[in-house]
Every structure is written in C-alpha cells, then in structure tokens.
1. Return the average number of partner chain Cβ atoms within 10 angstrom of each residue Cβ along peptide A:95-107.
2. Hey, can you grab everything whose amide H is under 5 Å from the amide H of A:VAL196? Only 5+ residues off in sequence or another chain; H modelled, so Pro and N-termini drop out.
3. How would B:ASP121, A:ASP34, A:ASP192 line up from fewest to most surrounding beta-carbon atoms within 10 angstrom?
4. Rounded to whole Å and sorted largest first, list the principal axis extents of the Cα atoms in the protein assembly as shown.
5. Top mean-square fluctuation among A:SER138, A:SER239, A:SER254, Gaussian network model of chain A, C-alpha springs under 10 Å?
6. As a quick test, which of the pairs A:LYS10/B:LYS128; A:LYS65/B:LYS57; A:LYS10/A:LYS45 have an alpha carbon distance above 27 angstrom in this structure?
7. Ranked by Cβ crowding within 10 angstrom, fewest neighbours first, how are A:GLU41, A:GLU164 ordered?
8. Between the helical axis of A:264-281 and the dominant principal axis of chain A, each derived from Cα atoms, what acute angle in degrees is found, rounded to the nearest 10?
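FYI, it's all coordinate maths here, none of it is from the lab. Only a predicted model underlies this, so the values are computations on that prediction, with no experimental measurement involved. Heads up, the Cβs are rebuilt from the backbone with ideal geometry, glycines too, and the neighbour counts pull from every protein chain shown.
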Amino acid sequence: MENFEYFEPKTVREAVRLLVKYKRAAKLLAGGTDLMLGMKEGFVKPKYLINLKTIKGLDKIAYSKKDGLRIGSLTTWADILASGAILEHYPILREAASLIGGHQIRNRGTIGGNICHASPSADSAPALMVYGAQCIISGPRRERVIPIEEIFSGVQKTSLKPGEILTGFRIPPPDPKAKGCYLKFSPRKAMDLPIVGVGAMVRTSNGTFEEVKIALGAVAPTPIRARRAERFLVGKPVSDQSIRQAAEEAVNESNPITDLRASREYRLGLVRELTCQAITRSL
Amino acid sequence: MKTSKIRIKVNGEWHELTVPNQKTLLDVIRGDVHLTGTKRMCDSGECGSCTVIMDGKAVNSCIVLAVEANGKEINTIEGLSQIGKLHPIQEEFVAKGAIQCGFCTPGMILTAKALLDQKPDPTAQEVKTAIAGNLCRCTGYVRIVNAILSAAERLRSIQP
C-alpha cells in the first residue's frame, strides 16, 4: 500500500472541509472492508485518508413510532444485528445484514460504506429500497435528502458531489400490514457476494395485491427497483400465475452481465425464480 | 513517509509506536510487537487467519490500519493462555483433535473466544455462523465445532 496522510476529523464539518481541500486525492474510510482491498491492490491510491469513525454520533440507531428509523452511515452490520428496533420493525434489513461477510467483517463493515462503495450487488440496497429509505447527505452546502435509488449513478459510482458525505439514512415507519424478505443467491453461505439479490415487500387485501415493492441487486449497473413488475402486480389477484407474470416483468427490467460468477442467462433465470420466491415468502 | 504515533494495548501491555500510515494492525502485531501467533495468509479479510480481538470484537487485523487501532485494546492468541496454562478453548481444541497444521488455529480460537464471550451457550449452527470467516484446509471443521461446543460447556460449568 502506498503512503498517505491520515486524518481523524471530530466533526462532519471538519471532514467536509478536508474533502473540499484535497478533492479527488482524498478518500473516506469507514469500515475499510472494501477500501483496504482496493488500496492493497493499488486500484485506489489516496494521498489523504479521512477516517470517519472518529466523528461521534455517526453510528447511532434511533427508532420512534412516529418518525421511523434514523440509522447513521457508520453503523456496522454487527450493530444492526444487535438492534432490537431493527429486529422488530425492519426485519428485511436485518436479514440482509446477516448474510453479509462473516463475523469479523460484520464487526467492521458499515451500511454507509456498503452504499457508497456502490457495488451493483450491495446487499443492503434492495432492503433499503423496499423500505423506501432516504439518504441524508452533508456537504459544503446545506444538508440534502434523496431517495436511496438516487444515490447510485453507475458501477461503483455515487451521485455524491465533491465534498459530500453520506451521514445516514431515514427509513419511514414500516407498514404493519406488509411483509417482506431479502433473498441472496450465492455459492457460499457466507463471505460471498450475491450472484443475484432480491428484496420484496408486499401488502395484500382480500386476496389482491395492494402494495408491492421489488428491488434487485447484481442485475444492472446499479441496484434497481423492478417498477414494472411492481405496477403489474398492484390490483392483481394473489395467484401463482400473477406472481410468475410479475417475475417475467422483473426479468425484462434486468440487464445483467456475464462475469466470472455467472452468465447473463443464469442471472436472468435467477431473477425469474427468486422474484417468485421472494413475493411468495412475503405473503 | 507520513507516519503517526500510536499507543496500542496488546494482551494487557501498552506499546508506543511510530508507524507509517499504511501499516496494518497485522503488520504491527507481527513486525513491531513481535507476536507471530497471528498469521498472514490472504491479507484481504477473507480467510480469518489474522483474526484478533479489538475492543472486544473479532476483526481481521490485515484490513485494520495500525492508526485505526490507536488507543484500543488488542488480544492476540498469545494473550489467551496464562503463565504456561492453556485456556479451556485451547485445551478443547487439542483434546478434540481440532488442530492439524495449526495455521488457522489462532484465528479460529480467538473467533471462538469472541463468540463465547457474547454467547456462552451457542447452538452448533451459531458456532458455524461465527467461524464462517475462518478457513481451515485440514480438518473439515467438524472437530473444530465440537471443540468450541465442548469448551462452551466447560466455561459454563466454571461460572457460578
């Protein structure tokens, strides 16, 4: 690894100032489970490294019935798994967290880091999407809030502007009548990326789909919502046929690549199968 | 070369070091503190052979920068035994035949310690989940899981 200058800002403002000063030569360090690999391989060579963990308060989880969940971007997967509020009210996010890495990785990896690394296969993305999460972003100008879908702009690219830092997420109070899940398909039961990831949240009433959210990971340059599949299902009867048709829509909305983990065709097949399973499990 | 002064507490002893910023905690444990029980293998947080316990949590020391460990308490495998007497987890690994080449063992044992400190009565599945980040090429894991369950039982019987 190449040498760099190292900073431990105590406030978000300090960190923003450093980012603005050093621009592209600076990198933010959260859990380091992705960044350290990039730095060791020489893909990333920051001249200035800014440790976000020294800023107090970025790793808090706060839940209220009225406002829902506020979760700091430096919250680790271990913290998420230990949270009673997330266990009770946001089980899809908990499910995603439990499938990431292994014990040691979960003690370091953060939800903000996962999103900002912006891998198309980021495990927390489908869960955050079906919960309607928003990203809270601080920067040189005033704080802004955007839907989670809008933070991704390409493979490992975010829409964060220079000097901006994702400080946390806001997730609205969950729909008590809806159920959901996150399905991750990977060869190993741990320490693996998803070949395809599917998040779903469904509310039905009198045998009809009332509200449907479906999000897919690893099948496009960014995690995506399968909006056509969602729109198709709303108002349709709960049946194997409608679920299979919705899955077909999801397949059409996917555009996976062939890589060392799987072929495009295999991924499309997984979308078809896992979308059916995810919706069914959410009934 | 940009460096930082750090203080880390390793197995109960404080060490003051000046390190290049890119040095990892693993580099420092092995190279500066001269404790080579913690192993380097994949050097990328995949295999778990570099596992240490930092402020109570099992971490891959190869992807923690030494500067990030400033002020923190680190426990390595060397810190587990007390004046020539093995820790029950170590004894059970020996007794149950959970050690072959021994390379994964320090990391495996520390992961087990971190687990049992949090969960004194884990199920076999919980043990497997806990060691999912520690690779072993020799044993096939069965004896390792048994050793950890058996150590858990022994540790529970010691506590009142």
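1. Numbers: counts 0, 0, 0, 1, 0, 0, 5, 14, 15, 23, 9, 5, 10.
Averaged over the peptide's residues, the number is 6.
2. Here A:PHE185 satisfy the definition.
3. Values: B:ASP121 11, A:ASP34 21, A:ASP192 17.
Ascending number of Cβ neighbours within 10 Å: B:ASP121, A:ASP192, A:ASP34.
4. 71, 54, 44
5. A:SER239
6. Working: A:LYS10/B:LYS128 38 Å; A:LYS65/B:LYS57 31 Å; A:LYS10/A:LYS45 24 Å.
Checking Cα-Cα distances, A:LYS10/B:LYS128; A:LYS65/B:LYS57 exceed 27 Å.
7. Values: A:GLU41 10, A:GLU164 19.
Starting with the residue having the fewest Cβ neighbours, the order is A:GLU41, A:GLU164.
8. The angle comes out near 70 degrees.
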